[in-house]
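Taking it in order: structure first as structure tokens, then the write-up.
The values are calculated or read from the model by the stated rules, or taken from the named source; none is laboratory data. Bear in mind the structure is a predicted one, so any value in this text is a computation, not a measurement. All Cβ positions, even for glycine, are placed from backbone atoms using ideal geometry, and neighbour counts span all protein chains on display. Ligands, DNA and RNA are excluded from the accessible area calculation, which covers all protein heavy atoms including side chains. Shrake-Rupley method; radii C 1.70, N 1.55, O 1.52, S 1.80 Å.
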Amino acid sequence: MSMRDDSKWFTDAGLLLEAVCKTSTHWGQLPDIPGYDELVEIRRGGQGVVYRGRQRSTNRTVAIKVLLDGVYASNVSRQRFQREMQIAARLRDPHIVRIYDSGVTADGRLFYAMEYVQGASIDCAGLKIGNNLTRTLTLFAKICDAVQYAHQRGIIHRDLKPGNILIEGAVASVDDDSSHTDYGLGPRTDVVHPKILDFGLAKVVFDETEGVAALTRVSQTGQFLGSLAFASPEQIEGTSDRIDTRTDVYSLGAILYQLLTGQLPHSVHQNLRQTLNDITTTAPPRPRSIRADLPNDVETMVLRCLAKEPERRYQTAGDLAADIRRFLAGKPIDAKRDQTWYVLRKTLARYKAITALAVVMFVLLVGYAITMPLLYQRAREAERRTLEEVASTQALNNFLVGMLQKSSPELASSREMTVREMLDQAAERLGEKPELPPQVAVGIHRVIAGTYGKLGHLDESESGMRRALEIARTTFGTGDVKAAALMRDLGEILWYRGRFEEAEQLLTEAMAVYEHAADDEALRSEYGLCLFSMAHIHGSRGRPEKAVESYRRAIDLIQGDTVAKRFQRVMARTGLATTLFEQGQFKEAGRQYLETLAEAREKLGDDHAVVATILTHLGRYHTEMEEFDEAESCLSEAMEIYRKRLDPKHARVGTVLARLGNLKSSQGDFESAERFWRDAQAIYVRSFDEDHEKVVGIKLNLAQSREMQKDYAGAAREYRLALESYRRRLGDKDPRTAILRSKLAIPLSELGELEEAEEELRGALAVLNTALSENDPRTAKTLIWLGRVLLKRQNPEEAEPMIRRGIDMLKAGLPAGHSWVALAENALGECLALLGRYEEAETYLLRSWKVIEMRYDSTHEFSRAVFSNICGLYERWGKPDKIAEWCEKSTDP
Amino acid sequence: MSYTTPIRLLNRLAGDIDPTAWAEFHRRYLDLIRGFAHRHGLQPADCDDVAQDVFVALSQSLSGFQYDPKKGKFRSYLKTLAIRAINRKLRQKYERRVQCDIEDEQNEVSCTFDGEAWEDEWRQYHIRLAMGRLTGEFNERDRMAFTQYAVLGQSAAETAEALGMSLDQVYQAKSRILKRLAERISQQVEEEG
């Protein structure tokens, strides 16, 4: 039917519906984005569509931008896009919209997932005329800070414009008579929260084409005119090698120009050639010619940004921010004072040094403001109380003044001091001050020791804490709560360093103190914290049931809604999840992790180190569940948080590296795995004893990797080394020693040392049967391995019940189709074939094959093992045609 | 988000630079122009170029522009710009091809423009615009029901079961949404002048 000439096509329901069906966009049709769900469309723009959605692996709400077809269409530009997004994802600034992830949708469009910000862009928010100059400039300085932050990390935006700056919490006001009457932003500047979008996105386009052509490319994906008005002369000229951070300074100037005057520096409403010419050669109208009430200094700042030659602009966005703040503080701006440059710089440098010192002192005193890793979960109020007491004394005052004098720019070397150096000086100075009142000395020792610990310097941390405890014990007595808090701190450090016995003793002592004061609300929380530390020790000493119980009680006891308390509760829940996980209660553990992660994000913020800790655990969980993509996304987010917050040699960074190694090895990429493990090892040996769990853990990983690469002699060697450590530290009755013995048995059996392998496995089983809970997968694996060794020793009768029991135990905890179960069923099939029960054997082997074939390619050792068992079965059974049929399936000759 | 009529939008574009208006304009007409270009055999990237050309040409002609319906319809003007841009693109492609492949010389450069194609795209543009404006008026379930039943041709019973609605609710959703669509489009067409 032709609808031509039918100007009232929409009044006929049939015709209208026909037209609706031909229309490409419909309600309820959402893209399929791997790893994300709960999509809701929130914005549609020139570049693509933005959805709100949930990232499944981390359970967080994100905004997902799905680019239009044809944007970055070639393969090369797709790869570049993903690479740039990975780089941009490293930016962590409160005023930059964070990028979490990028990829390709099921129908082949590029997407990236970012932080979900509720708000509107600076132009849509009705923010136009700077009718409140102070407010506009304060907001703008924040934007400059964020740009500076990205520049310091080597990322240039290249497409800064009002549309790329969101105002959090603002409401869009695109209406008929939007005459930009007011900001609509609320009355106070300090609540206005700008967020810059699309960092890194423009690089791909700009790099691939040149100049105006580049702009046109940007524009085809979106607001050409919006971009053009804010593009710098060097961008227009197409000299992409001249594009640097000062290009963004120009754009910032153009944005500020528009915010203040309501007009663009150069009109884009004329002939295009003329517009381009203006941008490259003509000076913009002076802002004061449009708004006479603008202060001279502000005009100077704006015009300096808009200089044609990059050399004449502010050299960094930070310089611009600083000048704006100088203006706001009523001080002369830098843009005007080139002649007094020397004097100024000198003064400025001194100020900077003093600022740095102030920062360090802040770290020392309020140390816990740097988000802290697991090390010490102590009551923040208690600490604050102590610190307040301390700060009130003249003694502390003198101490600080002395330190500041010692580190003043005149006396110190020219470079700025590191926190570590400050700590060393503080510790040294503390030693020289025997006259300090003991409560002051205890407080300072504790803070310094705590900060050392957070920086990963465990020796210094331990000795400082011991010194504090010693003073507290002699001053206040062993039964005093101040001493008890230090016992817990020290206990926690000792646990972390693997010295469980002393740690347990200290914690028991501390708990006894709190038990006496059980009526006090605050002390009940302290008691909860001790239980929490104790739960770690139970876990490490192979008492998972006790650990679970202690964690649960700790979660109940740690009350209160301060940041510190939320943090401690989250940590206790994480500990609980990990213990459940290690016991093989995977579903419950997974649930706990996800809930805890959501709680941590909500209560503590996405960037909190605890979020990273939970993500590290969750990464391990996903790895074991063979959900590799999720694992990788958790671990890389954790790494990013730690990179930002901790020293790169911090033990926690080592943990993430180790987990990444595990992930890679689970994926069969042993080379990368070993690299990660060795990096982790290099970090661990700085912080831990030779026999520490973590150091030994890496040896175990290496052993396992050797084993998977069939270097059984190498594997046995590494396992034996690790086993020696365990026997020294834990003794033979410890379940961890037992597990290690069962692991050693695997390469031994491969090397044909069957007798020794059987002995190790039986020894291990004797311990594990009593030490671990009923369906622990580690006991199950030991059973199955013992079964396999017995098979090799031609004893299928004894092997069968063992393997069957192992399979039942595994099935109790693992999801259906897990490769462990499949491999165990493979062993059972082999066993039944040996026993002549061919039909039964066939069922198990084929089932095993189905799972293994799906997960591994045909050359993988697992596939080959199952394959050869199947052929073996048919050979015994006398079915050569079946063998031929199967051999055809094999791609590996 | 409230709705700006095309005439008001054009007048805003003609005045001071107003990135919001440009963004809105872009959002609204991009698919229309791309779709039209696509129907003339252009690849997605070329369709983007065509849309870009149209926007640039429009921005240049809009300076100091005051819309006067007597001088012709905006939609006809937009169509003219689109046809010009498509022709230019086809010519470019042809020239490039001639340079690298002499034998292909006989290929048609310019194509006959299909008036029905433009009308079709224009109708779709109105439908998209109206649907966008109606999104907030209906709840998600009704919108899903409409998509599944009326658009994708699923049976009413299946739709009702999948969405946990009664049959009656499914029918209702379809007829209410169609009715509102017709009203909206009628208003849009009128405002277009």
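Cβ contacts < 7 Å: first residue more than 14 Å from chain B (Cβ to nearest Cβ), restricted to region A:145-170; second residue open to solvent by 10 Å² or more (accessible area, probe 1.4 Å) and of a type in the set (D, E), any location; separation 6+ or different chain. Result?
As it stands, the answer is A:A146/A:D93; A:Y149/A:D93; A:I156/A:D244, since those pairs meet every condition given.
Looking at region A:794-806, which of its residues are closer than 30 Å to A:G590 by Cβ and surrounded by fewer than 20 Cβ atoms within 10 Å (Cβ to Cβ)?
A:R804, A:R805
Of all residues being in a helix (DSSP H, G or I) and among the polar types (S, T, N, Q) in region B:163-189, which is nearest to the other protein chains (Cβ to nearest Cβ)? Just the residue, please.
Out of the qualifying residues, it is B:S186.
Restricting attention to strands (runs of 3 or more DSSP E) lying wholly within region A:19-127, give those where 2 or more residues are at pLDDT below 80 and out of contact with any helix residue (DSSP H, G or I) (no Cβ under 6 Å at 6 or more places or on another chain).
A:36-44, A:48-55, A:119-121
Being of a type in the set (D, E, K, R), open to solvent by less than 10 Å² (accessible area, probe 1.4 Å) and in a helix (DSSP H, G or I): is that true of A:E492 here?
Here the answer is yes, as A:E492 does meet what is asked.
So for region A:609-622 (the condition being modelled with pLDDT under 85 and open to solvent by 10 Å² or more (accessible area, probe 1.4 Å)), does at least one residue qualify?
No, region A:609-622 has no match at all.
Specify the residue that is most open to solvent (accessible area, probe 1.4 Å); the eligible residues are those in region A:672-705 that are without any contact (Cβ under 8 Å) to a residue 40 or more places away in the chain and under 21 Å from A:E750 (Cβ atoms).
A:Q704
Failed condition for B:A160, given (1) surrounded by fewer than 18 Cβ atoms within 10 Å (Cβ to Cβ); (2) more than 11 Å from chain A (Cβ to nearest Cβ), with all others met?
B:A160 satisfies every listed condition except (1).
So, of the residues in region B:67-85 that are under 22 Å from B:E191 (Cα atoms), within 14 Å of chain A (Cβ to nearest Cβ) and touching a helix residue (DSSP H, G or I) at 6+ places or on another chain (Cβ under 9 Å), which turns out to be modelled with the highest pLDDT?
B:R75
Is it true that some residue in region A:837-848 is touching a residue at least 60 places away in the same chain (Cβ under 8 Å) and part of a helix (DSSP H, G or I)?
There is no residue in region A:837-848 that is touching a residue at least 60 places away in the same chain (Cβ under 8 Å) and part of a helix (DSSP H, G or I).
Within region A:586-598, how many residues are surrounded by 18 or more Cβ atoms within 10 Å (Cβ to Cβ) and under 16 Å from the mean Cα position of the chain (by Cα)?
Residues that pass the stated criteria total 4.
Taking A:G539 and the conditions (1) open to solvent by 20 Å² or more (accessible area, probe 1.4 Å); (2) more than 23 Å from A:T737 (Cα to Cα), which numbered condition does it fall short on, given that it satisfies the others?
A:G539 satisfies all of (1) open to solvent by 20 Å² or more (accessible area, probe 1.4 Å); (2) more than 23 Å from A:T737 (Cα to Cα) except (2).
Within region A:731-752, take every residue that is charged (D, E, K, R) and touching a residue at least 24 places away in the same chain (Cβ under 8 Å) and give me the one that is least open to solvent (accessible area, probe 1.4 Å).
Filtering region A:731-752 for residues that are charged (D, E, K, R) and touching a residue at least 24 places away in the same chain (Cβ under 8 Å), the one least open to solvent (accessible area, probe 1.4 Å) comes out as A:D734.
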